[in-house]
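Here is the structure we will look at.
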Amino acid sequence: MKEPSVTKQSVLNIGTLGHIDHGKTSLTRAITGVWTDRHSESIKRNMTIKLGYADAIIKVCRKCNEYTVGDTCAQCGGKPEPFRRISMLDAPGHETLMATAIAGSSVIDAILFVIAANEQCPMQQTKEHLMIINVLGIKNVIIVQTKVDIVGKEAAIAHYKQIKAFVNGSIIENAPIIPLMPNLGINLDVLLGKIVDIPVPERDTTSDPLMFVVRSFDVNKPGSDATKLVGGVIGGAIIRGTIKSDDKIEIRPGFKNEKLKKDVYEPIITVIRRISSGTDQLDEATPGGLIALSTEMDPSFTKADSLVGNAVGLVGKLPPVISSLSMKYHKLARDDLPEQRIVENESLILGVATATALGYVKSAKKDTLEIELKRPLSIPSGMKIAVMRSISHRWRLTGYGQIV
Ligand code: ZN
């Protein structure tokens with residue numbers, strides 16, 4: 001048994017992939033007690049990358065060596081002790097889920113790959129998700145075989161063999177496959193044990209900190225006394241470095257100055273008053289689970305997720321704000337999409353870290369794209385960018401790129 005490592009901030013970010021009706025949401029709920037599909041309505045209206053996330057503390061009963069997220073051990077009824085805090089990341093839809101996985105790849109440490117036993121394996125979406133796992137090179141993958149209770153033992157075993165054949169030759173050919181009935185809690189302990197086995201990655205805690213905003217909000221009730229207003233809150237994932245309470249920070253590109261006719265963004269400089277992870281307060285935060293920063297900034301800046309996609313760091317230490325970029329484009333092998341080259345003047349949707357940005361192709365030569373961004377971004381070079389094209393009036397993930 002490894003040493004207990006329960007920290008106030010999660011040590012592992014686990015993404016979920018899997019066909020749309022294969023039970024990702026109930027799996028996430030079984031682990032965290034939270035539904036993460038609360039953004040599905042907003043996704044239907046516009047193509048915005050919205051990362052859902054929830055923390056869970058995996059506990060262990062020392063007597064029985066049994067893992068649980070509950071308060072009692074299923075074997076002996078004893079009280080398990082906290083062992084590891086994890087964050088589950090999820091995104092709704094199929095195209096957005098894949099785009100989010102690529103855009104957010106710098107914060108995803110492991111993946112639960114959900115495959116339902118009541119359908120042939122692989123389904124089209126399942127095939128595409130394996131392709132994404134291969135593209136991202138994520139080796140810490142646990143395959144979760146869901147809905148085994150619907151099909152019965154014989155069919156579940158046959159389906160298990162289909163999964164084995166499907167992943168054969170891929171980077172996850174040796175990934176564990178856990179048959180699970182999340183609603184009944186069956187095998188959840190086995191899955192939690194496998195999650196605990198995933199090594200915590202080495203983190204860069206000493207570089208200049210860089211965080212991307214996943215969510216931003218105003219915690220004041222409407223009509224609050226102006227003298228008692230609390231500053232804006234931003235939630236996000238730290239890519240590198242350490243952020244401390246009382247740090248003076250800069251947020252880029254910042255807020256859009258609505259008074260000006262042109263799109264002008266102004267950086268925000270503020271001070272961190274409090275760092276929290278769930279209900280716990282932290283003195284400092286590092287790469288790992290998502291955290292919330294309570295700041296002194298005008299809460300109107302943070303209203304309704306308005307700062308999502310912004311970069312946060314120490315003053316003057318953020319990547320430059322760019323309004324155009326040059327990108328090496330890699331096309332994904334999707335047999336459901338027509339073979340068409342990206343052309344000049346085409347509009348694209350780019351997913352970069354937690355930002356979704358509209359871009360226009362200024363030039364497309366071989367696999368190098370020059371793109372003008374509709375809104376500026378503060379991003380370091382080398383980050384993976386998800387590229388979505390409008391095909392038959394739908395935004396489809398066609399490839400990914402890297403800023404050169
Ligand atoms: Zn026990």
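The values are calculated or read from the model by the stated rules, or taken from the named source; none is laboratory data. Computed from a predicted model, the values in this text were never measured in an experiment. Positions of Cβ are backbone-derived with ideal geometry, glycine not excepted, and every protein chain shown enters the neighbour counts. Ligands, DNA and RNA are stripped out before the accessible areas are found, and what is left, the full protein with its side chains, is counted by its heavy atoms. Shrake-Rupley method; radii C 1.70, N 1.55, O 1.52, S 1.80 Å.
Tabulated data
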| item | result |
| --- | --- |
| Top-ranked residue in segment 330-345 [being in a loop (DSSP other than H, G, I, E, B) and among the basic types (K, R); ranked as nearest to the chain's Cα centre (by Cα)] | R334 |
| Contacts under 9 angstrom Cβ, first residue in segment 65-78 being over 17 Å from L184 (Cβ atoms) and touching a residue at least 60 places away in the same chain (Cβ under 8 Å), partner more than 8 Å from the ligand (Cβ to nearest atom) and open to solvent by 50 Å² or more (accessible area, probe 1.4 Å), 6 or more apart | N65/M1 |
| Members of segment 196-230 that are touching a helix residue (DSSP H, G or I) at 6+ places or on another chain (Cβ under 8 Å) and either open to solvent by 10 Å² or more (accessible area, probe 1.4 Å) or aliphatic (A, V, I, L, M) (or both) | R215, F217, D218, V219, N220, L229, V230 |
| Matching residues in segment 61-91 - criterion: being in contact with a helix residue (DSSP H, G or I) (Cβ under 8 Å, 6 or more places away or on another chain), within 11 Å of the ligand (Cβ to nearest atom) and open to solvent by less than 50 Å² (accessible area, probe 1.4 Å) | E66, Y67, T68 |
| Selection count where residues are touching a helix residue (DSSP H, G or I) at 6+ places or on another chain (Cβ under 7 Å) and farther than 16 Å from V141 by Cα, scope segment 160-183 | 3 |
| Unique residue being modelled with pLDDT of 95 or more and out of contact with any Cys (no Cβ under 9 Å at 6 or more places or on another chain) when the list is I58, I49 | I58 |
| Within segment 280-321, strands (runs of 3 or more DSSP E) holding 2 or more residues that are open to solvent by less than 10 Å² (accessible area, probe 1.4 Å) | 291-295, 311-314 |
| Lone unmet requirement of (1) within 30 Å of T7 (Cβ to Cβ); (2) open to solvent by 30 Å² or more (accessible area, probe 1.4 Å) for K366 | (1) |
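Each row is one residue, and each column tells you yes or no for (1) open to solvent by 20 Å² or more (accessible area, probe 1.4 Å); (2) assigned by TED's automatic domain parsing to the domain that holds I102; (3) over 16 Å from A99 (Cβ atoms).
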site: D336; (1), (2), (3): yes, no, no
site: S347; (1), (2), (3): yes, no, no
site: G351; (1), (2), (3): no, no, no
site: V361; (1), (2), (3): no, no, yes
site: P376; (1), (2), (3): yes, no, yes
site: H393; (1), (2), (3): yes, no, yes
